[in-house]
Amino acid sequence: DQQVKQNSPSLSVQEGRISILNCDYTNSMFDYFLWYKKYPAEGPTFLISISSIKDKNEDGRFTVFLNKSAKHLSLHIVPSQPGDSAVYFCAATPNTNAGKSTFGDGTTLTVKP
Amino acid sequence: DTAVSQTPKYLVTQMGNDKSIKCEQNLGHDTMYWYKQDSKKFLKIMFSYNNKELIINETVPNRFSPKSPDKAHLNLHINSLELGDSAVYFCASSQAWGTGRAGELFFGEGSRLTVL
């Protein structure tokens, strides 16, 4: 039972354009959502998060949108840069409990110069 | 200064052998974890320790045994290695629940285990 899904295994965009990565979840107990970024041969690093009391959180070029009724969140990167090329993992957790994080299987983003 | 470091980064061994992966964090976090990333790229939690005490033990074979000598270290020992154990193992840590960044995980670089 995959509670967090990222249905696009890969995404390719042109430098300067918007990248939109999507994530769906099924467990209503999730109330805190995070995006992690992972470069090859490195561990995932935290990128941005959103609590279920919000529907949008912005940090520079990165914005995460949450649609609770649809159990859907998305990560927008604008403008995309070649250095953004990485695997992006969506994660969800109940009660801001990192130990209960459930991860999606990642989307590989390639930003072409 | 690496926040969460794990060694070795690469490990190639034969079936049936016993091996260990070490992890150390210098972030002052109370909670540490072991995650397994399999060939399908899923990150799945294996164990969680809070201040040296085991708090999460997912369905993992008994051949896997974590050990936490202190709250800054969490090692993973694997007995009688099998082909299916081949994966990347990530150590992680997090702040105490209720603190500002409690929901975030801080990962090490990963240890790629290949069992032949």
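The values are calculated or read from the model by the stated rules, or taken from the named source; none is laboratory data. For clarity, every value in this text was computed on a predicted model and none was experimentally measured. Positions of Cβ are backbone-derived with ideal geometry, glycine not excepted, and every protein chain shown enters the neighbour counts. Accessible surface areas use protein heavy atoms only, side chains included; no ligands, DNA or RNA. Shrake-Rupley method; radii C 1.70, N 1.55, O 1.52, S 1.80 Å.
Some points to look at:
- Residue A:11 versus residue A:41: modelled label distance in nm, points set 7 Å from Cα along the beta carbon direction: 2.7 nm
- Table column - 3J(HN,Hα) (Hz), region B:38-49, Karplus curve with 6.51, -1.76, 1.60, x for Gly and Pro: 8, 5, 8, 6, 5, 9, 10, 6, 10, 9, 9, 10
- Shown is the FRET efficiency for residue A:95 and residue B:3, computed with R0 = 30 Å from the Cβ-Cβ distance and rounded to the nearest 0.05: 0.80.
- 15 Å beta-carbon shell around residue A:12, net charge (K/R +1, D/E -1): 0
- Rg(Cα) / (2.2 N^0.38 Å) computed for the protein assembly as shown, rounded to two decimals: 1.01
- Residues of region A:78-113 whose accessible area (probe 1.4 Å, heavy atoms of protein chains only) drops by at least 50 Å² once all protein chains are present, relative to their chain alone: A:98, A:99, A:103, A:105.
- The length gained by stretching the chain between residue B:14 and residue B:59 to full extension, at 0.36 nm per residue less their Cα-Cα distance, is 13.8 nm.
- Integer Hz, Karplus 6.51/-1.76/1.60 couplings in order for region A:66-75, x for Gly and Pro: 10, 10, 5, 5, 8, 6, 9, 9, 9, 10
- Shape of region B:14-89, Cα gyration tensor, a/c cut at 1.5: prolate
- Share antiparallel - DSSP beta bridges, region A:4-112, percent rounded to 5: 90 percent
- Amide H to amide H, with H built 1.01 Å from N, residue A:85 comes under 5 Å of A:111, counting only residues 5 or more places away or on other chains.
- Expressed to the nearest 5 percent, the antiparallel share of DSSP beta bridges inside chain B is 90 percent.
- Using the Cβ-Cβ distance between residue B:39 and residue A:51 with R0 = 22 Å, the FRET efficiency computed as 1/(1 + (r/R0)^6) comes to roughly 0.10.
- Backbone HN-Hα couplings from phi across region A:23-40 [Karplus 6.51/-1.76/1.60, Hz, Gly and Pro as x]: 8, 10, 9, 10, 7, 5, 6, 5, 9, 9, 10, 9, 10, 10, 10, 9, 8, x
- Restricting the calculation to alpha carbons of region A:4-112 gives Rg and Dmax of 13.0, 38 angstrom.
- Among beta bridges that DSSP assigns inside the protein assembly as shown, antiparallel share in %, nearest 5: 90 percent
- Inter-part distance where region B:56-105 and region A:36-72 are each reduced to a Cα centre, Å: 24 Å
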